[in-house]
Amino acid sequence: MIMLPQSSSLESLPAWIRALLASPPAAGDGIHRWLYRCACALRGSCAAADSTSLLKAATEPCGRIVTDREIADAVRNARFEPWRSRGISPGLRVMLGNGSDVEPSRAGIGWPPPDWSTIAAIARTGVGIPEMLKASPEQLSDRHTAAFMLDALFPGQPLLCLAREHPADAYTAPRARWPEPHRCGLMVPSPMRARMGKRKDGQPSRRCLDNVGPRRFLVVECDFRAGQGGVPTPAVPILASLAAEDPPRTGPDLCAAVLLHLLKKGAPLVLAVHSGGKSVHGWFPAVGTPEAELRRFFACACRLGADPATWTACQLVRLPGGTRSNGAPQRILYFNPHLIPAQ
C-alpha cells in the first residue's frame, strides 16, 4: 500500500477509491488495466484535471514510467465510456460485491427486512449529517436552490411531476412551467412521458406508472422511527444510544450514516436531501442499469433500513431544495454533479 500526497481532491474521494489509487500493481502485472479502472472510478468523483494529477501521483512508485499520454488516454477513454459497464454500473458492482445472497424482490415477493445488527454497527461508526456535508464533492451554498437542482438533475425541458405536500397535489408540466419549485416539497425522480396517464383502474392521473418515463434516479429513503402505529420499532435502542451521545445524534444522522456506508462501499451517490423531518433521501443514477441489477442494489438498501416504497417509479420523494408545508427547508446535504446521467 503506497501513501498518496494529501490534497483536497483526494480527501473528498470515497474510501474505496482512495484504497484503489494506493494499491497499483507491479510493473508487468496490469498497470494499464488498473490505470483505466482508476480513471473510471475517478470519473464519477472529480474533474478530468484532478483525475490526471491523482493518477500521476498514484503511478509514480509502480516500477515503470507511466507517460502523461497514457494517463491522458485513460482519463479521456473513461470520460467517453458510458457509466454502465457490462450491464451494471461500476459503482453498483462494487456495492453488491459478495451480496449475491441478497434475493431481489420479484412479483409477489416482498423486499428483505432490515438487518438491525448491521444497522446498529453502522450507527456505532459515529458519523452523521456533519460528515455527509464534509464528504460532498461539491461545496454546497445558497446557489443550490430547488431551481438550480432541477436544471442540473433534469437538463432540457422534460416533463416533471411536482407536488406541494400531498400526492393529490401532484401536477405534471414542462420544467419552464415550474418557476418557483422551492415552494413544492415533493417530486417524481424521473421525467414523465406525458402530462396525463391512466391508473390501473382506468381513471386519468397526472402521476401514475402509465405516464412516468424511464427511471432516471433510484431514491433510497431511510426513516428510522421509534414507533409506528403506537408500537415500538426495533430502531428504539439504536436511536436511544444516539440520543445519549455527546453531542447527541438523531434519526436523520443515522439515515446519513447508512448513505455514507453505501457510498464507502462504492455506490454512486449523486445527491442526499434532508426531508425537513426525520429522513434523508439518497439519489442514485439508474440510467443504463438493467432493472434486475437495480433490484439487487435496492434489496441491499432495504436490509439497511430503506423504505421499499421508493422502488415504485412514480413514487413521490423529497424535492432537493424544496419546502415542506410546515415551512421546514429540505436541505441538500451532499451533491456529486459528476454522476448525473447524460440525457
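Values in this text are rule-based calculations from the coordinates and carry no lab data. Keep in mind the model is a prediction, meaning the values are calculated, not measured. So basically every Cβ, Gly included, is an ideal-geometry build from the backbone, and we count neighbours across all protein chains shown.
A few notes on this one:
- Between ARG64 and THR250, the contour length at 0.36 nm per residue exceeds the Cα-Cα span by 61.9 nm.
- Reachable lysines, given that their alpha-carbon falls under 26 Å from the alpha-carbon of LYS56 and they are not under 8 places away in the same chain: LYS134, LYS264, LYS265
- Span from the the stretch 226-289 Cα centroid across to the the stretch 307-343 one, whole angstrom: 14 Å
- Here the simple spin-label model places points 7 Å from the Cα toward Cβ, and for GLN157 and ARG33 these points are separated by 4.9 nm.
- Sites LYS200 and LEU133 - FRET efficiency at Förster radius 51 Å, r taken between beta-carbons, to 0.05: 0.80
- Potential lengthening of the chain between THR118 and ARG193 amounts to 23.1 nm, from the contour at 0.36 nm per residue minus the alpha-carbon distance.
- Stretch in the chain that is longest and holds no GluC sites (Glu not before Pro) that DSSP places in a loop and that have at most 15 other beta carbons within 10 Å: 1-137
- From the alpha carbon centroid of the stretch 179-213 to that of the stretch 14-49 is 40 Å.
- Applying Stokes-Einstein at 10 °C and 1.306 mPa s to the Kirkwood radius of the stretch 8-80, computed over alpha-carbon pairs, gives a translational diffusion coefficient of 133 µm² s⁻¹.
- Once the Cα atoms are used to define both axes, helix 251-264 deviates from the longest principal axis of the chain by about 40 degrees.
- Cα-based shape type of the chain, given that a ≥ b ≥ c are square roots of the gyration tensor eigenvalues and the cut on a/c is 1.5: prolate
- Whichever aspartates and glutamates have a C-alpha closer than 15 Å to that of LYS200, once near sequence neighbours (fewer than 8 apart) are set aside: ASP210
- Near ILE129, once Lys and Arg are set to +1 and Asp and Glu to -1 for all other residues with Cβ below 13 Å from its Cβ, the sum equals +2.
- Taking the longest Cα principal axis of the chain as reference, the axis of helix 48-59 is set at about 40 degrees.
- Cα-projected label distance for ASP169 with THR312, points at 7 Å along beta-carbon direction, nm: 1.9 nm
- Label point distance in nm, ASP142-GLN228, each placed 7 Å from Cα along Cα→Cβ: 4.1 nm
- Relative contact order computed over the chain (Cα-Cα under 8 Å; 6+ residues apart), in percent: 23 percent
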